[in-house]
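Since the structure comes first, as structure tokens, the remarks are kept for the end.
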Amino acid sequence: EKGGHASFMLKEIAEQPKAVADTLLGRIDAEGSLTLDEVRIPAHELRETDKVVIVACGTAFHAGLIAKYAIEHWTRIPCEVELASEFRYRDPILDQRSLVIAISQSGETMDTLMAVRHAREQGSKVLAICNTNGSTIPRESDAVLYTHAGPEVAVASTKAFLTQLVACYLVALYLGQVRGTKWGDEIRAVIRDLAGIGQAVERVLGTMEPVRELARSLAGQDTVLFLGRHVGYPVALEGALKLKELAYMHAEGFAAGELKHGPIALIEEGLPVVVVVPSPRGRSVLHDKLVSNIQEIRARGARTVVIAEEGDETVTPYADHLVRIPATPTLLQPLVATVPLQVFACELATARGNEVDQPRNLAKSVTVE
Ligand code: M6R
């Protein structure tokens, strides 16, 4: 049932191009517009939405953090992202014009379910992004956009995460389409790029041997840090979470711009730091800032693992290890940048003798508080 793979996690990592393509299937029409019939929230209500609030836990929360960049850019609606466990215990300001998006692979996470119930009590519309048909969270929501990742067995979420991202982009683009923002041309171009993203993920998967080798060589380390900016920041958080849960190592993700506000004090000779570099095209100021950050940490002894777009040569002199990913629009980069981090964590955990499908102390679905 593992289809020739050593673990469910490896199988699920390999299934990502298909999972991504399946999640797009039937949702883009021949003219390149989105048809999200499942989102049964009437267009006029979506046009009146004045706030989006995303609630989720763990990896799904990281998908939400990335979605915020896309939603705010393409729709100009303010978007908050909150851990479901925090959201339900404060007094969040919600009303009929708030759209709450609950992201959950299992659809059974108790904290996320409680957040959904709370939001509906306030009169807000709730859209679930979920991978499990007929599970509790979609049943209790106003509408659901299913991710079509297929069953995810390994405790560590991989293909569900990529499809959650795709679903979030679809919602963001759809909101932009319904509301007719000035980004119309960009929205159409991104829909075209999304259609090719499965192939890009496939290309990344085909180049992972050096990443596996690097992971094995780092099996004796105590700490690995991850840095990113913009959408690369939640990718860094996700890379760190994967390493914690699978390799039982100290791993932290930071916003690269925060380095000088504290984390740079952690850098010492030989410390591995994985850096997600934004595309040099598009918002190039982000790229240039990150390249300076790499120089800063390297000058202090960091062993840099640099994830950068194909053709980006500016990073080459500062990379102890260079991992190439295909060029994508800035906002879509997490779909390709996360994959090497999944492979890295899985291989490092295996090298440490850990059981990757069933890490200690963890359950696939957290149905208690
Ligand atoms: O089923 P859910 O998406 O609601 O689960 C949320 C988290 O428990 C989950 O993503 C967890 O963080 C994973 N083990 C991460 O790999």
Tell me, please, whether a residue that is hydrophobic (A, V, I, L, M, F, W, C), away from the ligand (no atom under 16 Å from the Cβ) and surrounded by fewer than 21 Cβ atoms within 10 Å (Cβ to Cβ) can be found in region 44-64. yes
Identify all residues within region 177-218 that are at pLDDT 95 or above, in a loop (DSSP other than H, G, I, E, B) and of a type in the set (Lys, Arg); write none if there are none. none
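Can you tell me which residues in region 145-166 are out of contact with any helix residue (DSSP H, G or I) (no Cβ under 6 Å at 6 or more places or on another chain) and within 21 Å of residue 333 (Cα to Cα)? Show your work before the answer.
From region 145-166, those out of contact with any helix residue (DSSP H, G or I) (no Cβ under 6 Å at 6 or more places or on another chain) are 146, 150-151, 155, 160; that's our starting set.
Residue satisfying the conditions is 160 alone.
Could you please find all residues in region 312-338 being among the hydrophobic types (A, V, I, L, M, F, W, C) and in contact with a strand residue (DSSP E or B) (Cβ under 8 Å, 6 or more places away or on another chain)? Give the steps one after another, and end with the answer.
Filtering region 312-338 for residues among the hydrophobic types (A, V, I, L, M, F, W, C) gives 315, 319, 322-323, 325, 327, 331-332, 335-337.
Passing the criteria: 315, 319, 322, 323, 325, 327, 336, 337.
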Only residues in region 98-114 that are touching a residue at least 40 places away in the same chain (Cβ under 8 Å) and open to solvent by 20 Å² or more (accessible area, probe 1.4 Å) count as the first member; pair them with residues that are within 7 Å of the ligand (Cβ to nearest atom) and aromatic (Phe, Trp, Tyr), Cβ under 7 angstrom, at least 6 apart or cross-chain, and list the lot. none
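Taking the stated definitions as given, is residue 80 away from the ligand (no atom under 13 Å from the Cβ), over 17 Å from residue 172 (Cα atoms) and of a type outside the set (A, V, I, L, M, F, W, C)? Spell out how you get there, then give the answer.
On the way: away from the ligand (no atom under 13 Å from the Cβ): yes; over 17 Å from residue 172 (Cα atoms): no; of a type outside the set (A, V, I, L, M, F, W, C): yes.
No; evaluated as a whole, the condition is false for this residue.
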Out of all the residues in region 292-331, which are in a helix (DSSP H, G or I), modelled with pLDDT of 95 or more and crowded, with 22+ Cβ neighbours inside 10 Å? 293, 294, 297
Note on region 263-285: residues in a loop (DSSP other than H, G, I, E, B), over 20 Å from the mean Cα position of the chain (by Cα) and modelled with pLDDT of 95 or more are 267, 268, 269, 270, 271
Within region 207-222, tally of residues that are open to solvent by 70 Å² or more (accessible area, probe 1.4 Å) and more than 13 Å from residue 349 (Cα to Cα): 3
Restricting the search to region 353-369, which residues are at pLDDT 90 or above and either surrounded by fewer than 12 Cβ atoms within 10 Å (Cβ to Cβ) or more than 12 Å from the ligand (Cβ to nearest atom) (or both)? 353, 354, 355, 360, 361
Mind checking which residues of region 126-138 are away from the ligand (no atom under 13 Å from the Cβ) and either within 17 Å of the chain's Cα centre (by Cα) or surrounded by fewer than 23 Cβ atoms within 10 Å (Cβ to Cβ) (or both)? 133, 134
Just the residues that are without any contact (Cβ under 8 Å) to a residue 12 or more places away in the chain and within 13 Å of the ligand (Cβ to nearest atom), please, taken from region 239-261. 244
Just one of (1) within 16 Å of the ligand (Cβ to nearest atom); (2) within 30 Å of residue 93 (Cβ to Cβ); (3) open to solvent by 50 Å² or more (accessible area, probe 1.4 Å) trips up residue 72, so point out which. (1)
Looking at (1) buried (at least 24 other Cβ atoms within 10 Å of the Cβ); (2) within 15 Å of the chain's Cα centre (by Cα), can you tell me which one residue 237 breaks? (1)
If we keep only residues of region 139-166 that are out of contact with any Asp or Glu (no Cβ under 8 Å at 6 or more places or on another chain) and open to solvent by 10 Å² or more (accessible area, probe 1.4 Å), then the residue farthest from the ligand (Cβ to nearest atom) is 142
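Hey, among the residues in region 14-34 that are of a type outside the set (A, V, I, L, M) and either within 22 Å of the chain's Cα centre (by Cα) or within 15 Å of residue 147 (Cα to Cα) (or both), which one's surrounded by the most Cβ atoms within 10 Å (Cβ to Cβ)?
Start the filter on region 14-34 by keeping residues that are of a type outside the set (A, V, I, L, M), which leaves 15-18, 22-23, 26-27, 29, 31-33.
Those left that are additionally either within 22 Å of the chain's Cα centre (by Cα) or within 15 Å of residue 147 (Cα to Cα) (or both): 15-18, 22-23, 26-27.
Working: 15: 20, 16: 25, 17: 20, 18: 16, 22: 18, 23: 27, 26: 12, 27: 20.
Among those residues, the one meeting the criterion is 23.
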Only one of 88, 117 that is within 29 Å of residue 255 (Cβ to Cβ) and in contact with a Lys or Arg (Cβ under 9 Å, 6 or more places away or on another chain): 88
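The values are calculated or read from the model by the stated rules, or taken from the named source; none is laboratory data. From a predicted model like this one, the values you see are computed outputs, not experimental measurements. Cβ sites come from the backbone with ideal geometry, for glycine too, and all protein chains shown count toward neighbours. Areas reflect the complete protein model, heavy atoms only, side chains present, ligands, DNA and RNA absent. Shrake-Rupley method; radii C 1.70, N 1.55, O 1.52, S 1.80 Å.
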